[in-house]
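A short write-up of the structure that comes next.
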Amino acid sequence: MFFELTEEQLAVQEAAREFAQKELKPGVIERDSKQEYPTEQVRKMGELGFLGMMVSPEYGGGGMDTMSYVLAMEEISKVDNSCSVIMSVNNSLVCWGIETYGTEAQKAKYLPKLATGEWIGAFCLSEPEAGSDATMQRTTAVDMGDHYVLNGTKNWITNGGTSKLHLVMAQTDPEKGHRGINCFIVETDSEGVAIGAKEDKLGIRSSDTHTIMYTDVKVPKENRIGEDGFGFKFAMKTLSGGRIGIAAQALGIAGGAYELALNYSKEREAFGKAISKHQAIAFKLADMATEIEAAKLMVYRSAWLKDNHMDYDMASSMAKMYASEVAMRHTVEAVQVHGGYGFVKEYHVERLMRDAKITQIYEGTSEIQRVVISRNILKGQLYLPIFRDSMQEQGV
């Protein structure tokens with residue numbers, strides 16, 4: 001097994017780290033406190049290619065692999081998770097969904113704008129009564145021949161206030177249940193689209209999360225993605241890849257908190273020596289480093305599986321579940337290492353602790369990830385020993 005990154009991947013990692021440290025970190029506390037959308041920072045992310053990393057160059061994207069995207073997400077998430085969630089939704093859900101399942105006309109029309117950051121996209125699945133159970137879509141799309149008429153409400157929509165394009169899941173045939181769901185490309189300036197107030201959140205406070213209402217919105221027939229009834233499958237497959245992005249975000253949060261705690265522990269003294277020399281703190285650092293490394297291997301493996309066109313559904317669920325719990329656990333520990341200083345905004349770790357919580361919730365809660373994992377286990381899709389063939393030959 002090889003764990004060495006390519007020169008291209010290392011260059012992406014370094015570029016993302018430099019951008020995060022030099023461009024994002026200086027104003028991140030103020031943006032978080034004021035819930036101020038990072039307009040200039042998002043524009044720069046577009047210029048640097050971070051908003052369309054996996055999009056084919058023919059549509060204006062970077063043509064990069066999932067691993068490069070994960071590395072960039074990880075570095076940016078160490079500093080500013082409002083920016084990284086904007087990046088994640090645009091890359092993993094919107095761009096990838098359109099390029100993988102859209103028509104050539106849809107790709108040519110929308111991807112160049114999305115990949116460069118001229119437009120930001122939103123993924124509209126959750127509703128007031130359809131969160132973890134995505135089959136319970138109340139938003140409807142009535143087939144009128146050459147167009148659909150869309151009505152309904154979506155909530156918890158990341159990029160809801162700034163996006164120019166929405167991927168909206170809606171029910172077109174209730175009798176078919178989830179097989180009657182379709183996905184539609186809806187431009188935000190369409191008549192009948194209304195954006196609700198920005199949510200006041202615990203974390204990722206400068207990203208814009210909104211409720212969106214659709215009232216008699218006319219959607220051209222050519223804006224449906226895939227065949228009739230493909231919407232639920234589209235959402236599930238897209239979210240499966242999106243979980244790799246959120247797993248990378250959680251990994252970055254944990255890694256950022258660990259780096260801050262490690263540096264602080266070397267500078268802060270108590271009882272005549274650096275606190276890192278005290279076993280109570282040294283053991284915390286050891287546990288943090290070990291679990292973050294384990295999460296990293298899971299996240300990187302899920303990206304590798306996706307890049308090699310292998311089944312990554314269970315791997316992405318495992319990575320997202322574990323990395324998010326590591327992020328929550330060790331941001332709390334990072335605050336503890338900082339003591340009283342960890343409780344104030346200046347030292348960054350309290351913000352990372354608040355940001356960590358959402359990684360256990362969005363794009364599938366930890367409970368839903370356990371449902372996905374357990375279902376796969378019960379179907380017999382277990383992780384097998386690496387040397388399975390040779391072991392069988394030996395009668396093991």
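The values are calculated or read from the model by the stated rules, or taken from the named source; none is laboratory data. Worth saying up front: this structure is predicted, and the values here are computed from it rather than measured. Neighbour counts are summed over all protein chains in view; Cβ atoms, including those assigned to glycine, are modelled from backbone coordinates with ideal geometry. Areas reflect the complete protein model, heavy atoms only, side chains present, ligands, DNA and RNA absent. Shrake-Rupley method; radii C 1.70, N 1.55, O 1.52, S 1.80 Å.
So here's what we get for this one:
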item	result
Region 81-137: number of residues that are in a helix (DSSP H, G or I), of a type in the set (S, T, N, Q) and either farther than 30 Å from Gly256 by Cβ or free of Cβ contacts under 8 Å to residues at least 40 places away in the same chain (or both)	2
Contacts under 8 angstrom Cβ, first residue in region 44-59 being more than 14 Å from Ser92 (Cα to Cα), partner aromatic (Phe, Trp, Tyr) and assigned to a helix (DSSP H, G or I), 6 or more apart	Lys44/Phe19; Met45/Phe19; Leu48/Phe19
Positions within region 130-141 being open to solvent by 20 Å² or more (accessible area, probe 1.4 Å) and either within 18 Å of Thr209 (Cβ to Cβ) or in contact with a Phe, Trp or Tyr (Cβ under 6 Å, 6 or more places away or on another chain) (or both), in sequence order	Gly131, Ser132
In region 1-39, residue least open to solvent (accessible area, probe 1.4 Å) [restricted to those that are without any contact (Cβ under 8 Å) to a residue 40 or more places away in the chain and under 20 Å from Glu350 (Cα atoms)]	Gly27
Residue satisfying all of: in region 301-360; assigned to a loop (DSSP other than H, G, I, E, B) and of a type in the set (Ser, Thr, Tyr); nearest to Ile29 (Cα to Cα) among these	Thr359
Residue that is surrounded by the most Cβ atoms within 10 Å (Cβ to Cβ) [pool: residues in region 308-354 that are hydroxyl-bearing (Ser, Thr, Tyr) and over 17 Å from Ala250 (Cβ atoms)]	Tyr347
Selected residue (only one of Ala286, Ala250, Ala295, Ala261 is open to solvent by 20 Å² or more (accessible area, probe 1.4 Å) and not charged (D, E, K, R))	Ala286
Whichever residue in region 254-306 is among the hydroxyl-bearing types (Ser, Thr, Tyr) and in contact with a Ser or Thr (Cβ under 6 Å, 6 or more places away or on another chain) and, among such residues, is nearest to Gly241 (Cα to Cα)	Ser302
Cross-chain or 6+ apart pairs with Cβ under 8 Å, region 309-337 first and at positive phi, then open to solvent by less than 10 Å² (accessible area, probe 1.4 Å) and not aromatic (Phe, Trp, Tyr)	none
Region 146-177, residues that are buried (at least 17 other Cβ atoms within 10 Å of the Cβ) and either on the phi > 0 side of the Ramachandran plot or not in a strand (DSSP E or B) (or both)	Gly152, Trp156, Asn159, Gly160, Gly161, Thr162, Ser163, Thr172
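For every residue, the table says whether it meets (1) touching a His at 6+ places or on another chain (Cβ under 8 Å); (2) not aromatic (Phe, Trp, Tyr).
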residue	(1), (2)
Cys83	no, yes
Met87	no, yes
Tyr110	no, no
Cys124	yes, yes
Gly131	no, yes
